[in-house]
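Written out below as structure tokens is the structure these notes cover.
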Amino acid sequence: MAIKEYLTTGQAAKICKCSQQTIIRCFDNGQLKGYRVPGSRFRRIPREHLFAFIREHGIPADAIETTNKRKVLVVDDDPDLVELIVSVLESDRRFETRIATNGFEAGMMVKEYRPDIIVLDVMLPDINGKEVCARVRSDESLENVKIICISGMVERNKIKALKDAGADDFLQKPFETDVLLSQICRLLGIEAVAA
């Protein structure tokens with residue numbers, strides 16, 4: 001199912017389990033940010049603004065939880081790092097995660113899970129990250145999947161080779177998790193929400 005970036009007042013009301021009039025009132029008085037469709041009376045609410053509104057008002061958001069989460073596949077064989085990344089992403093509540101510990105498992109999961117983005121360790125126990133990038137990019141049905149490679153290596157030519165193989169970005173280990181989160185948000189075109 002395609003993730004909606006902008007919601008109608010009716011969709012927002014359904015998610016918040018309130019009337020459409022309540023959403024319109026909150027929109028009109030500035031509590032809920034969005035925009036009016038030019039030349040019409042229709043309002044559109046960016047998903048990130050609805051998230052902020054939901055958090056601010058303590059609204060249970062089961063509908064948005066299940067339908068609008070971005071899928072992240074974390075591929076790394078370091079259990080401590082994987083746990084840290086997954087914890088940060090899931091506490092954001094806009095993401096759901098799956099884990100693969102090697103390139104073979106990652107290849108299987110990409111086809112089944114269809115992630116929006118892959119956080120990919122370059123040095124895997126079986127095949128390297130460059131090969132995983134190339135395999136993902138060779139499948140046209142996965143062309144919208146973003147890939148962030150992570151590694152302790154810093155050689156410019158190797159980073160360039162990863163990008164040539166299909167990586168969208170590179171992050172050197174060790175890194176701050178908020179830097180990773182902001183790169184994920186940027187690649188997915190969503191707003192990075194300050195903690």
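The values are calculated or read from the model by the stated rules, or taken from the named source; none is laboratory data. The structure presented is a predicted model; accordingly, all values stated were derived computationally and were not measured. Neighbour counts run over all protein chains shown; Cβ positions are idealised from the backbone, glycine included.
The table for this structure:
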read-out: Ser19 vs. criteria in the same structural domain as Asn128 (by TED's automatic domain parsing), surrounded by fewer than 14 Cβ atoms within 10 Å (Cβ to Cβ) and without any contact (Cβ under 8 Å) to a residue 24 or more places away in the chain; value: no
read-out: Hey, Glu140 over 24 Å from Ser182 (Cα atoms) and exposed (fewer than 14 other Cβ atoms within 10 Å of the Cβ) or not; value: yes
read-out: Total residues in the range 17-50, condition in contact with a helix residue (DSSP H, G or I) (Cβ under 7 Å, 6 or more places away or on another chain) and at pLDDT below 90; value: 3
read-out: Some residue of the range 144-153 being under 22 Å from Lys69 (Cβ atoms) and either among the basic types (Lys, Arg) or touching a residue at least 60 places away in the same chain (Cβ under 8 Å) (or both); value: yes
read-out: Among residues of the range 21-52, those that are in a helix (DSSP H, G or I) and basic (Lys, Arg), counted; value: 2
read-out: Residue satisfying all of: in the range 115-127; in contact with a Gly (Cβ under 9 Å, 6 or more places away or on another chain) and buried (at least 20 other Cβ atoms within 10 Å of the Cβ); nearest to Lys69 (Cα to Cα) among these; value: Leu120
read-out: Sole residue being hydrophobic (A, V, I, L, M, F, W, C), in contact (Cβ under 8 Å) with a residue 24 or more places away in the chain, farther than 19 Å from Ala192 by Cα and outside any strand (DSSP E or B), chosen from Leu120, Leu124, Leu84; value: Leu124
read-out: Asn157, sole failed condition from (1) part of a helix (DSSP H, G or I); (2) in contact with a helix residue (DSSP H, G or I) (Cβ under 9 Å, 6 or more places away or on another chain); (3) without any contact (Cβ under 8 Å) to a residue 40 or more places away in the chain; value: (2)
read-out: Inter-residue pairs, beta-carbon under 9 Å, first in the same structural domain as Leu89 (by TED's automatic domain parsing) and among the β-branched types (Val, Ile, Thr) and in the range 166-183, second surrounded by fewer than 19 Cβ atoms within 10 Å (Cβ to Cβ) and not in a helix (DSSP H, G or I), 6+ apart; value: Val179/Leu171
read-out: Of all residues in the range 131-188 being over 19 Å from the mean Cα position of the chain (by Cα) and among the polar types (S, T, N, Q), the one that is nearest to Asp76 (Cα to Cα); value: Ser151
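Residue by residue, here is whether (1) under 29 Å from Phe53 (Cβ atoms); (2) at pLDDT 90 or above; (3) surrounded by 13 or more Cβ atoms within 10 Å (Cβ to Cβ) holds:
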| position | (1), (2), (3) |
| --- | --- |
| Thr97 | yes, yes, yes |
| Glu105 | no, yes, yes |
| Val132 | no, yes, yes |
| Met153 | no, no, yes |
| Gly166 | no, yes, yes |
| Asp178 | yes, yes, no |
| Leu188 | yes, yes, yes |
